[in-house]
1. Taking other Cβ within 10 Å of each residue's Cβ, how do Val67, Val76 sort, fewest first?
2. Using the Karplus curve 6.51 cos²θ - 1.76 cosθ + 1.60 with θ = phi - 60°, what ³J(HN,Hα) values do you get for each residue of region 79-93, in whole Hz, with x for Gly and Pro?
3. Give me the extension gain from Ser71 to Gln41: residue separation times 0.36 nm, minus the current Cα-Cα distance, reported in nm with one decimal.
4. Label-point separation (nm) for Lys24 and Lys93, each offset 7 Å from Cα along Cα-to-Cβ?
5. Enumerate the amide H contacts of Ile28 below 5 Å, restricted to partners 5 or more residues apart or on another chain; note that Pro and chain-start residues carry no placed amide H.
6. Could you list Thr66, Thr84 in order of exposure, starting from the residue whose Cβ has the fewest other Cβ atoms within 10 Å?
7. Note the full-extension length gain between Ala34 and Asn83 as 0.36 nm times their separation in residues minus their Cα-Cα distance, in nm to one decimal.
8. Working only with C-alpha atoms, what are the Rg and Dmax values of region 26-92, expressed in angstrom?
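Every number here is computed from the coordinates shown, using simple stated rules; none is lab data. Source: prediction; values computed, not measured. Neighbour counts run over all protein chains shown; Cβ positions are idealised from the backbone, glycine included.
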Amino acid sequence: MNKLIRNGLMLSLGLLVAVSAGAKDIKIATNNTAYAPEEVQKLASTAVKMGVKQPLNMNLVAGSLTVSGSSSTSCVIKVGTANTPQIAGISCK
């Protein structure tokens, strides 16, 4: 019975840590998009996963969003010209 309780507690703690780590907002220094904050966070998360370091600079021009940060890596995300981003491609260097 003690093993069952211990395993349940470990699982609960693991899930709590995973949820709290995933809920962290990404720091954005500049952003000229008109996207909703949750959409901006999704795009920022994608760029961070591709190697761009925080704080991020997001610049939307003619359907292409350039995301740069404190590292030399930057990403160009083709998002279209709609009110919500429609990702059609991503290129990071």
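1. Val76, Val67
2. 10, x, 10, 6, 5, 10, x, 10, 5, 10, x, 9, 9, 10, 9
3. 8.9 nm
4. Once both label points are built, they end up 3.0 nm from each other.
5. Placed amide hydrogens put Leu56 under 5 Å from Ile28.
6. So the ranking, lowest neighbour count to highest, is Thr84, Thr66.
7. 16.9 nm
8. For region 26-92, the Cα radius of gyration and maximum Cα-Cα distance read 10.4, 29 Å.
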